[in-house]
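Undergrad: Take a look at this one; I'll ask things after.
The values are calculated or read from the model by the stated rules, or taken from the named source; none is laboratory data. Please read all numbers here as calculations on a predicted model, not as lab measurements. Every residue, glycine as well, gets a Cβ built from its backbone with ideal geometry; the counts of neighbours run over all protein chains shown. Ligands, DNA and RNA are stripped out before the accessible areas are found, and what is left, the full protein with its side chains, is counted by its heavy atoms. Shrake-Rupley method; radii C 1.70, N 1.55, O 1.52, S 1.80 Å.
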Amino acid sequence: MNDAILKMVKFFNVLREPLLVQALLKGTVAGTEHRRLLQSLDCRHVVDIGANCGQFALIARKCFHDARIDSFEPLAEPADRYERVFAKDENVHLHRLAIGEKEGEARIHVSNRDDSSSLLPITGAQTRLFPGTGERETRTIRVAPLDSVLSESQINKPALLKLDVQGYEMQALQGCERLLHCFTYVYIECSFVELYTGQSLAHDVIDYLHQREFILKGIYNMFYDHQGYAVQGDFLFESKTLS
């Protein structure tokens, strides 16, 4: 299924629910493609890294009505839209920074589509497969490890760690290293081809999490190129120790 068809399906699903329509009017299209999977999980806390304007957080709220949601988004424009959507939800917390291994500042490559922005340079493969995602500018943003924002005692179990960070998956996971043991699930977008310069690919992420006692349970929302080759998908891992 190509990108245009996926967008049409998502838009149709959004129009079926008043809450999601309200969010759409504020600038956020809910990530309804994640609904079926999320409904199968037990979750009291969602840590949403790479939140953009709240697409995933919105569908997570629909599936986990009482869960705490902590989202991380370093770019001002999508973060502003996120806050408009969740202004009345006291159990949602937005942190305007990126998660990485060390605390400091970094340059982010801002895409013409802000949900494709990355701390790694955008490749020609990315712009060829996803037209309109070329670099518009760079900015300086704040980066910090997850445990500089959340403590172990603040994570309500069972918890889900979601990462959608456009090629920065390994660095973000390393930024979560000291709290990984708190999560029952890790849900992460991974690529089979290099869309961002220097990114770790799917097999690297699988190996990293396997070494930390997480088992790959399934791959969802696969995207293929016009020749039928797999490009990327959403990978669900489950903790061996907490499951």
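Undergrad: Kindly establish whether Glu135 is among the charged types (D, E, K, R) and touching a strand residue (DSSP E or B) at 6+ places or on another chain (Cβ under 9 Å).
TA: Yes: the conditions hold for Glu135.
Undergrad: When you scan the stretch 199-208, do you find a residue that is crowded, with 16+ Cβ neighbours inside 10 Å, polar (S, T, N, Q) and within 20 Å of Glu177 (Cα to Cα), even just one?
TA: yes
Undergrad: Take the residues of the stretch 220-241 that are surrounded by fewer than 15 Cβ atoms within 10 Å (Cβ to Cβ) and hydrophobic (A, V, I, L, M, F, W, C): which is nearest to Glu177 (Cα to Cα)?
TA: Met222
Undergrad: Scan (1) closer than 15 Å to Phe237 by Cα; (2) in contact with a strand residue (DSSP E or B) (Cβ under 9 Å, 6 or more places away or on another chain) for the single condition Ser191 breaks and write down its number.
TA: In the conditions (1) closer than 15 Å to Phe237 by Cα; (2) in contact with a strand residue (DSSP E or B) (Cβ under 9 Å, 6 or more places away or on another chain), Ser191 misses (1) alone.
Undergrad: Going by what's in this entry, would Arg136 be described as closer than 24 Å to Pro78 by Cα, charged (D, E, K, R), over 18 Å from the mean Cα position of the chain (by Cα) and open to solvent by 60 Å² or more (accessible area, probe 1.4 Å)?
TA: Against the criterion (closer than 24 Å to Pro78 by Cα, charged (D, E, K, R), over 18 Å from the mean Cα position of the chain (by Cα) and open to solvent by 60 Å² or more (accessible area, probe 1.4 Å)), Arg136 qualifies.
Undergrad: Then there's this: With respect to Leu119, determine if the residue is in contact (Cβ under 8 Å) with a residue 24 or more places away in the chain and either of a type in the set (Gly, Ala, Ser) or surrounded by 17 or more Cβ atoms within 10 Å (Cβ to Cβ) (or both).
TA: yes
Undergrad: How many residues does the stretch 35-57 contain that are over 24 Å from Gly100 (Cβ atoms) and open to solvent by 10 Å² or more (accessible area, probe 1.4 Å)?
TA: 9
Undergrad: Can you tell me which residue among Asp164, Asp115 is among the charged types (D, E, K, R), under 21 Å from Val29 (Cα atoms) and at pLDDT below 95?
TA: Asp115
Undergrad: Let me ask you something else. Identify all residues within the stretch 17-68 that are of a type in the set (A, V, I, L, M, F, W, C) and in a loop (DSSP other than H, G, I, E, B); write none if there are none.
TA: Of everything in the stretch 17-68, those that are of a type in the set (A, V, I, L, M, F, W, C) and in a loop (DSSP other than H, G, I, E, B) turn out to be Val29, Ala30, Leu41, Cys43, Ala51, Cys53, Phe64, Ala67.
Undergrad: Then there is this: Which of the residues that make up the stretch 69-80 are assigned to a helix (DSSP H, G or I) and under 16 Å from the mean Cα position of the chain (by Cα)?
TA: Pro78, Ala79
Undergrad: Within the stretch 192-205, is even one residue under 16 Å from Gly100 (Cβ atoms), modelled with pLDDT of 95 or more, part of a strand (DSSP E or B) and among the hydrophobic types (A, V, I, L, M, F, W, C)?
TA: Checked the stretch 192-205: no residue is under 16 Å from Gly100 (Cβ atoms), modelled with pLDDT of 95 or more, part of a strand (DSSP E or B) and among the hydrophobic types (A, V, I, L, M, F, W, C).
Undergrad: Regarding the stretch 195-202, can at least one residue be identified that is among the hydrophobic types (A, V, I, L, M, F, W, C) and without any contact (Cβ under 8 Å) to a residue 12 or more places away in the chain?
TA: yes
Undergrad: Hey, another quick one. For the stretch 22-37, give me each residue that is free of Cβ contacts under 8 Å to residues at least 40 places away in the same chain and either touching an Asp or Glu at 6+ places or on another chain (Cβ under 8 Å) or within 19 Å of Leu163 (Cα to Cα) (or both).
TA: Those that are free of Cβ contacts under 8 Å to residues at least 40 places away in the same chain and either touching an Asp or Glu at 6+ places or on another chain (Cβ under 8 Å) or within 19 Å of Leu163 (Cα to Cα) (or both): Val29, Ala30, Gly31, Thr32, Arg35, Arg36.
Undergrad: Residues Ala98, Ala125, Ala79, Ala87: which one is among the hydrophobic types (A, V, I, L, M, F, W, C) and open to solvent by 50 Å² or more (accessible area, probe 1.4 Å)?
TA: Just a single option satisfies the conditions, and that option is Ala87.
Undergrad: Sticking with this structure for a sec: For the stretch 156-178, which positions are open to solvent by 10 Å² or more (accessible area, probe 1.4 Å) and either closer than 17 Å to Ala67 by Cβ or touching a His at 6+ places or on another chain (Cβ under 8 Å) (or both)?
TA: Residues satisfying the conditions are Asn156, Lys157, Pro158, Lys162.
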